[in-house]
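See structure below.
A short reminder: the numbers here are calculations on the coordinates, not readings from a lab. Quick caveat, the model's predicted, so the values are computed rather than measured. Positions of Cβ are backbone-derived with ideal geometry, glycine not excepted, and every protein chain shown enters the neighbour counts.
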Amino acid sequence: MRAAVTILAVAALASVPLWLRDPYLLNALITTGIFVIGAMSLNLLLGFTGQLSLGHIAFFGIGAYVSALTSLGFDVGLPGDVRLVHAPWPPIAGSLLAILVAGMCGYFVGLLSFRVRGAYFVIVTISFAEVVRLVALNWVELTQGPLALTNIPSIALSLPGIGELTLRTKMQNYYLVLVVALVAYLLIARLVHSHFGRAMRGLMENETLAVSVGIDVTRTLTLAAVISAAIAGAAGSLYAHYIRIIDPEVFAFINTVTMVIMVISGGKGSLAGPVVGGLIFGLLPVALRPVMAPEAQWIAYGGVLIAILFVLPRGIVPSLAQRFIRRRSGAPALASVALTETGAKEPA
Amino acid sequence: MERGVLEIRDVVCGYGGVTALRGISLDVRAGQLVALIGANGAGKSTTLRAISGLVPPRAGQMRFEGIDITGARPPRVLASGIAHCPEGRRVFPHMSVEENLDMGAYLRRGSGEIAADRDRIYAEFPRLAERRRQAAGTLSGGEQQMLAIGRALMSRPRLIMFDEPSLGLAPNIVERTFAIIRGIRDAGTTVLLVEQNAFAALEMCDHAYLLENGRIVLSGAGSELIANEHVRKAYLGG
Amino acid sequence: MTRALGLVPVFALATALFGGTAGAQTIKIGVNEPLTGAFAASGTYVVNGAKIAADEINAKGGILGKKIELVIEDNKSNPTEAAAVAEKLITSDKVPVLMGAWGSSLTLAVMPKLMEYETPMVVETSSSGKITTTGNPFVFRISPPSAVEAAAFKGIVDKLALKKVDFLIINNDWGRGTAEDFSKMMKDKGISIGLVETMDQGAQDMSAQLSKIKSSDSETVIVTTAVDQLTLIFKQAAALGLKKRIITTGGSQNPDQIIAQAGAAANGTMHLTTFLPWFPDKTPNPEATNYFITEWKKRGFEFAGCTESFRGYDGIRTAAAAVEKAGKAEPAAIKAALWDINIKGLNGDIVFRKSGPEGKESGQSQPNVYLIEINDGKVELKTL
Amino acid sequence: MSEFLQHLVNMLVLGGTYALLGIGLTLIFGIMNVVNFTHGVLYTFGAYIMFIVVQQLGLNFFLALPVAVLAGWLLGATIELTLLRPLRGSDIDTTMLVMIGAWIAMQSGTLWIWGGVAKSVATPFPEAPLVLGPVSVSWLRLFVLAAAAMLILVTYLLINKTSLGRAMRATFQDHDTASLMGVNVDMIYTSTFAIGSSLAAAAGALLGPVYVIFPQMGDLAAVKAFAIVILGGLGNITGAVIGGFILALAEELGAGYVSSGYRDAMGFVIIIAVLIFRPTGLFARAERVG
């Protein structure tokens, strides 16, 4: 039943470019899709370990910059008269490096997450993203700072027998994003249902208990952070090669907020949640644009967000699932109580 | 069953998906010391928390001095004359001893009377008077227990509920604590005592209830329960 | 999941209903500006200027017998949105020419879309050198990049007897570009460069930077930022007792606002500007300047906005002139016609010269640059 | 040397306002455990109240400050009653996201009402600065420092010497036990949020005339407030005051002697460093609070 729904949804998404001819809407779907991938990766951290990162855009942005710089090349001076020169590589190598470097950064933030929890973790992650943004802004020699990296090449795939295929059109990019999103979805799904996924959930529901049954907290949290950051890096790479210009504003707080909104409104800890929330909040601005003044669009955006949280506090997917499929409510409710208590009260 | 000053009828109570109290009824008569005994997790603390309004009951009725207090929030319960001295003492660690006592009189007006009551507590517990400017978190366990009792008395309650007052205290302090509790009863204040040290509780109480799995399974005078076979086996170590 | 998908056709329908129906009766010009977010104030000024131009043209009967219609979209001060908005304007609204997108990173984000749909855009504000040097033949810029400004300033540095100069710049493409181009020009002139201090967009307290500049051994500070930060800098410099010659660049300063808000602190400051609303008679097109200023005031906008909004006015007039010259509202024809127009803008003749790699040059117009000085609360024009 | 002295003086006037920003947030954060994303909007709101009272209504500059405090109090109480109270007991993520929604909507509302063009407020203070040897400081900033000090003192007395303040501290330390003492915890939450909000509005009203007033002015202020709270420890007023001065000092010296480009990074670097090396804040008591 569940698999059928998933296959149907994928088929429906795959058919979109066949009947949707409007490039503007297709563009909106592609950028939404890229952010949905970011949101899915955030969900791994937020929904399955209970750690709310408000600096997730850092990994996305790092992925974007690494990918762009790898494919554009650079020449920077390091302390001690060393020059680091890099000749342009194919964009696909950039994407792989983006995943790698973002994952590594995730490792360090993962280590941090072991030390601080709850509101403190939130603020550390915000700060991390801001520091990365300020480095991108001020390390002009490498990143061009506010002058932006431009003319980033589109992703090219070398296919055996066919040769080089550069993905320039909307339709090609749409399918690229869809495929990456699908891979990320399946990866996260597998992970969540593995032994490791059970460890993560155990940790979220009751840390003391989880530790007592032998779950290695640091290792679990760090691994979740690494995978989550790597997927976000992949999304950032897609972004850089699709938009073809990046500047430090990619790290803007509002971009993190967009991802968090997608996850929480859709339902954290639910695999489909970020997809549903992402499609709604990715396309809401498109729907609002023709009907109201620019400032009012933002007011409506904030209003819709508040309304969803009030009406469906656990997110759209879990709330609807609960409404339609009768389930015993005991265990999940207790889990969320446990989460609040640990999230709320432990500064250290 | 004889009606008490505190009447509890068929109270059901729980947290999330767990039901802690499965319909309990009990009566506390004026001027008596009533003990509530039972194993860990039997629902003793929950009973007190339900009475004081920290956990709203799902069903049932509670009346104090004839007034319905079912579902009332803690401030109203306190205002009606019931003080609750919580488990683990729960003094405010970063506030001074004096401020802790003043918190006990939070709902009262008239600073003169409050100061007089405070002095009475200091007279009763000279250690607290010595440490009146000290942060409560720096006191020893016994001193914190005295402070918690003093704080509860500051509201001038007609019924005072103690939750595990002996927990984690040295034996001589435990004895002192029980003496104080008896003293409170003797001075005319009704006491509802939750205690894991079943023998001590039964010995000093006028009436006792035994809780098992969220239900009252036995009640009677303290001496009756001590004599009971089941109680002896399960709670008095033989 | 399938539920959410049901929304997509609804959006498509909405777009179909709201866009693309009025096409035949009017000539559309797409306007892609920041109306919310960090640059909201500037974007709104430019759009107000653009509306004055459109109303003026329509009052005179429009172009090619049709009224012009501005399709104004908010790019939210966000590059991703700027690109999306360009896409919408070109594909849904079918505009044959665009104007935008204020900030350089916004404009740069739009540029691949121009290539993709082969639609020309008049760039009215952005100053980054990259815009006209990367080989995008659909870009036509009427604002001066900092190199042009630096070249214009070259003529008078001798008269000012500059010896050593510090910079205080906004940390974006505009400030960075200015520091780079002005430093190069001054080094050629034998003037030494001292500190280069930056401030973030939106930063409010520049006391630390100014204290540092106060203690340096230079006699002049070149300041590049938007008018709000300029006001703050003058106030804070005065409070710190900074007594150096201050020269501002970039042309969106507003001396009147500075005089009103910074008072005596503004005396003695010099400003490089591209528009002279205070001396309409000294502008290249006095009649248009007078009309624009009268209209601006009539609509109840603050005089302060003139120095930004005139770019929107000039941008729309440029686009309209190109449509008229092309004889039809088609992107290719308009693009070709842009190379042939010669109109008197509020800040000089708008004539596009080629810039960037051969074969795919962008258009760059060379506006006039003026130096003004504030003395006793009044604006004086210094002759270059 | 004179540059250093000037940096120190700058630090003093800046630190006072940072402290004011920080104490409002530390109360809300500490007592309610709400990461309050509307703090910056309330700061902006206070500045616009100043603008309305002085520039649009033409009333006295000194009258505007209490008006802003009152307006901030009312708006804060409204936010608490309509958005936070119904969500009591929800998890921290939900509350935080609701506050983000409120922040987006309110900031856009400010833009809608007043437009994006920055406003300035005329002040009755002389333009010429006070010059003391090598250092100068403007009279307006001295006034702001004095007013901030006064507000901080009032808040300190409110928290430490009144029955409401005692109840707030008790709630912060143990909300269940506080309610057993008869404290109406809901009322304490509303008052805390309202008081914190009125302090944010006061900071905005004081700093609005020093700088300029525009819809996004609160964003940077809010981030700095978070840094100060982390630095000083949750719910710790004295810590927030010291934290405010430390942040101001780090920014001044960072911009003066390291690189001005990283000036605003100082706050974030401090947050990360403090949380790595001393997660409860520099001035928090060692034992767990709350």
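Take the convex hull of the alpha carbons in region D:36-178; its mean projected area over all directions comes to 12.1 nm². Here C:Lys113 is the anchor, and the aspartates and glutamates within straight C-alpha reach of less than 18 Å, apart from those fewer than 8 places off in the same chain, are A:Asp22, A:Asp247, C:Glu33, C:Glu73, C:Asp74, C:Glu81, C:Glu87, C:Asp93, C:Glu124, C:Glu330, C:Glu361. Cα-based values for region A:24-256, radius of gyration first and Dmax second, are 18.3, 56 Å.
Reported to two decimal places, what Rg/Rh ratio describes chain C when computed on Cα atoms with Rh from the Kirkwood expression? Can you show the working numbers first?
Details: Rg = 21.3 Å, Rh = 21.5 Å.
Ratio of gyration radius to Kirkwood radius: 0.99.
Among the residues of A:6-17, the average count of other protein chain beta-carbon atoms within 10 Å of the residue beta-carbon is 2. Distance from the alpha carbon centroid of region B:82-137 to that of region C:257-322 works out to 71 angstrom. Contact order for chain A, expressed relative to its length and based on alpha carbon pairs under 8 Å spaced 6+ residues apart, stands at 30 percent.
Return the average number of partner chain Cβ atoms within 10 angstrom of each residue Cβ along peptide D:224-232. Show your work: numbers first, answer last.
On the way: counts 0, 0, 5, 2, 0, 2, 6, 0, 0.
Per residue, the average neighbour count from other chains is 2.
Of the residues C:Leu106, C:Gly62, C:Gly155, the one whose Cα sits farthest towards the positive end of the charge dipole of region C:17-170 is C:Gly155 (charges of +1 on Lys and Arg Cβ, -1 on Asp and Glu Cβ, taken about the Cα centre).
If only the Cβ of Lys and Arg carry +1 and only the Cβ of Asp and Glu carry -1, the dipole of chain B around its Cα centre is close to 520 debye. Bridgeable lysines around C:Lys297 (alpha carbons under 28 Å apart, same-chain partners fewer than 8 residues away excluded): C:Lys28, C:Lys51, C:Lys60, C:Lys66, C:Lys67, C:Lys76, C:Lys235, C:Lys282, C:Lys344, C:Lys378, C:Lys382, D:Lys119.
Cα centroids of region C:68-144 and region A:122-143: how far apart, whole angstrom? Between the Cα centre of region C:68-144 and that of region A:122-143, the gap is 28 Å. Each principal axis of region B:69-199 carries a Cα extent, and these read 37, 35, 27 Å when sorted largest first. Where the alpha-carbon atoms of region D:112-198 are placed on the principal axes, they occupy 57, 42, 19 Å, in descending order. Between B:Asp10 and B:Ala234, the FRET efficiency estimated from the beta carbon spacing at R0 = 22 angstrom works out to 0.35.
Note on chain D: Rg/Rh from C-alpha atoms, Kirkwood Rh, equals 0.97.
Taking other Cβ atoms within 10 Å as a rough exposure proxy, B:Arg131, C:Arg317, B:Arg156 sort from fewest to most as B:Arg156, B:Arg131, C:Arg317.
For D:Trp139, D:Trp73, which order do you get if you count the other beta carbons within 10 Å of each Cβ and list the fewest first? It would help to have the intermediate numbers written out before the result.
Values: D:Trp139 16, D:Trp73 21.
The order, fewest Cβ neighbours first, is D:Trp139, D:Trp73.
Counting other C-beta atoms within 10 Å, which of C:Phe310, C:Phe301, C:Phe279, D:Phe37 has the fewest, and how do the rest follow?
Details: C:Phe310 31, C:Phe301 18, C:Phe279 14, D:Phe37 24.
Ascending number of Cβ neighbours within 10 Å: C:Phe279, C:Phe301, D:Phe37, C:Phe310.
The H on the amide N of B:Tyr106, modeled in the peptide plane, is under 5 Å from the matching H of no residue at least 5 residues off or on a different chain.
Which values of log₁₀ I(q)/I(0), to two decimal places, follow from the Debye formula for region C:50-101 at q = 0.16, 0.22, 0.27, 0.31 Å⁻¹ with a uniform point scatterer at every Cα? Values returned for q = 0.16, 0.22, 0.27, 0.31 Å⁻¹ are -0.54, -0.84, -1.03, -1.17.
C:Ala288 sits among other residues whose Cβ lies under 11 Å from its own Cβ, and their net charge, with Lys and Arg +1 and Asp and Glu -1, is -2.
When the square roots of the Cα gyration tensor eigenvalues are ordered a ≥ b ≥ c, the ratio a/c for region C:147-273 is under 1.5, which makes its shape rounded. The dipole here belongs to the protein assembly as shown: it is taken about the Cα centre, uses +1 on the Cβ of Lys and Arg and -1 on the Cβ of Asp and Glu, and is about 1420 debye.
Whole number please: convex hull volume per residue, Cα atoms of the protein assembly as shown, in Å³. Kindly include the intermediate steps, with their values, before the conclusion.
Details: hull volume 245.6 nm³, N = 1260.
Convex hull of Cα atoms, per residue: 195 Å³.
Once you order the gyration tensor axes a ≥ b ≥ c over the Cα atoms, which shape class does region A:106-194 get: rounded for a/c under 1.5, otherwise prolate or oblate by comparing a/b with b/c? It is oblate, given that a/c is not under 1.5 and a/b is not larger than b/c.
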